[in-house]
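One structure is given below, encoded as structure tokens.
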Amino acid sequence: MTPVERDDRRRAASAFPPNGGGAPRRPRRRRLSGPLLWLDGLALLLIGIFSVLPLLYVAYLSLVDVKAGQLAGPLVGRENYAFVLDDESTRTAFRNTFYFSTLSVAVATLVGTAIALLLDSRAPFTRLLLAAAVLPWAIPEVVNALIWKWVFDYNWGALNALLVAVGALPRYRAWFSDGPTAMHALIFAYSWKLVPFVVLILYAALRSISPDVVESAQLDGAGALRLFRHVTLPLIVPALTVAILFCAIFSMRAFDVVYLLTRGGPGESTTVLSYYTYAKTFEFGDFGAGSAVSVLLAAGTLVVVLAYWWVLRRSERES
Amino acid sequence: MKPRWRAEPVKTAVLGLFACLSLFYLLGPPAWMLRSSLSPDTELRRVPPTLLPAAPTLRHFLVILQLPGYDEAVLRENIHFKFYRRATANSFVISLGTTLVATSLGAVTAYSISRFLGGRARRWVLLGLLVSRMLPVISVLIPIYLILLRAGLLDTLSGLVLVYSGLLLPFAIWILEAFFRQFPRDLEEAARIDGAPPFAVFARVVVPLSWNALFAAGAFVFISTWSDFIVGFIMTSTERAYPLSVVLARNMSVWREPDWGIMNAAGLFAALIPVALAFLLRGLVVRGRLAGAMKG
């Protein structure tokens, strides 16, 4: 069959669709077939096995009484949830996650916005700064944890030495020995990793502000502060929202820094939900309770993800 | 025109000061890792520490890579030190395998979604992809562990490639779909009128013009796989499949003081490739959805 013949056949087929007419088919909409279809199937299979099935399965596990290493068990309804929610440790983990995420996002947003504004105001060293702002993102989280563990080290760490040298601290301090200090050290370390997202998203937004708007505001006599408050800030709010939600989603699942710097300690003072899930499941072997916490954590994240989706779609529609 | 610092000296000085502070905040910690990786042990234990090592040395790197002239006594200090070479090879195999699978299948699927799905269906699929990408991995680790256990793929490289591909495919599709949607359709139209079937149009017309986007998506997948810790940590138990991040973490016990020279050298080594890739990508990152999809 020559290409022309095949094309004729296709045109004929679209003129007389197999469903016997009805609404004429739109010309763009073609059928998925051949290798494209198989490869899509393969992709769906992989996503299904490792993303969708696990989600359904973890929901199932949270409703049954399962022993470590087994695949199924008798249904127990809400028992696992009742058990974990009744546990004071779970409530502590929720509180810690909330505190950790809120503060990490706040710090990252403030620092990131400041750096984005610096970049936009064409401060000296802008090119170097832009390159440097990508670095924390590119460094693997384990290495990030290592860097900060070394900086916070009691005996030989750079932070103690620096603070004592400039006179901000009278003597060396153990950063991970009491709860609140350990939590804040963790937040500092983790928010460092989030800063690039904020910088990149906000810098792009700042750059897209038309210079005419700024100029006319300046002609009307607006000073730098008023300009930021009444012109720049309202224009970057959508980008700011995206950045905040994005950072929130990732800080809610932060695991590596917690595992490597504090193991949730001292006591339970830095046990966030992701670490709590890990410890419950893989250290204590309680798959039912671990699954219940997993589902709760996923549900919490889902709310933020949906908000993110909503904001993203709205800004896409506007642009 | 006068140079800027002459025209507005105070403003430039203030901005410059803040820029320096930001640079210190962003570059200081990794620079300290670089400095420490090159310092001999005696200098690492000096109080207060010196800014630069008086006698820089490469011996920590020699040990982790087991290059000629390394100190065997140090290697025996911690059983995990001798896994670095194997783990580096493992990380390469896992990351390259995942990049290949996730980017190629992701490209095909993204293209299919952008061309064969209508508005509403496409929105739902994209939302599904976003959700599966953003939900915490830790909450699906139990089932994935059980699946690999049953399939006999725990502690194998192929098992890890499969898991990472499944986890990162939504991510690759999400990035590439945005790209293909903007791809000019006239080019495809011409090939289609010549009678080329959809796959041929994709393979011969679309792919050759999309290398930039494919490279960007591939680099993201590579960085995400290379940098992951938790999946590799749960799914491996011996040096047969340990990725680099897991060996690094296993060396960093909280219970006793790590060998800081070795740790800093290994950390720097592990960060090298993702950082290099990220700089190749920088121009591509700043745009819209790419920035929103950065993290693995």
Convex hull volume per residue for the stretch A:118-211, taking Cα atoms only, in Å³: 135 Å³
³J(HN,Hα) computed for each position of the stretch B:140-153 - Karplus, 6.51 cos²θ - 1.76 cosθ + 1.60, integer Hz, glycine/proline x: 10, 5, 4, x, 4, 4, 5, 4, 5, 4, 5, 7, x, 10
Footprinting exposure proxy for A:L75, B:L58 (fewest neighbouring C-beta atoms within 10 Å first): A:L75, B:L58
Acute angle (nearest 10 degrees) that the helix B:157-182 long axis makes with the longest principal axis of chain B, alpha-carbon atoms: 60 degrees
Relative counts (whole %) of C-alpha pair distances in the stretch A:91-318, using bins that are 5 Å wide: 1, 6, 12, 15, 16, 15, 12, 10, 7, 4, 2, 1, 0, 0
Net charge dipole size for chain A [Lys, Arg +1 and Asp, Glu -1 on Cβ; Debye, nearest 20]: 1160 debye
Per residue Cα convex hull volume in Å³ - calculated over the stretch B:81-292: 142 Å³
Rounded to 10°, Cα long-axis angle of helix B:119-134 versus longest principal axis of chain B: 20 degrees
Average partner coverage of B:14-27, which counts Cβ from other chains inside 10 Å: 6
At R0 = 60 Å, FRET efficiency that the Cβ-Cβ distance of A:R91 and B:A7 yields, to 0.05: 0.55
Normalised convex hull volume, the stretch A:238-292, alpha-carbon set, Å³ per residue: 90 Å³
Aspartates and glutamates with Cα under 14 Å of B:K82, excluding same-chain neighbours fewer than 8 positions away: B:D71, B:E72, B:E239, B:D259
Part-to-part distance (alpha-carbon centres) for the stretch A:94-161 and the stretch A:270-319, which is given in Å: 23 Å
Computed over the protein assembly as shown, the ratio Rg/Rh where both radii use C-alpha atoms and Rh is Kirkwood: 1.00
Helical segments meeting 24 Å axial Cα length and Kyte-Doolittle 1.0 threshold in chain A (DSSP H): A:179-207, A:233-252
Crossing angle, helix B:260-285 versus chain B [Cα axis fit, 0-90 degrees, rounded to tens]: 30 degrees
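Quick note: the coordinates plus some simple rules give every number you see, no bench work behind them. What you see is a predicted model; the values in this text were computed from it and never measured. A quick note on method: Cβ atoms are made from the backbone with ideal geometry, for glycine too, and the neighbour counts reach across all protein chains shown.
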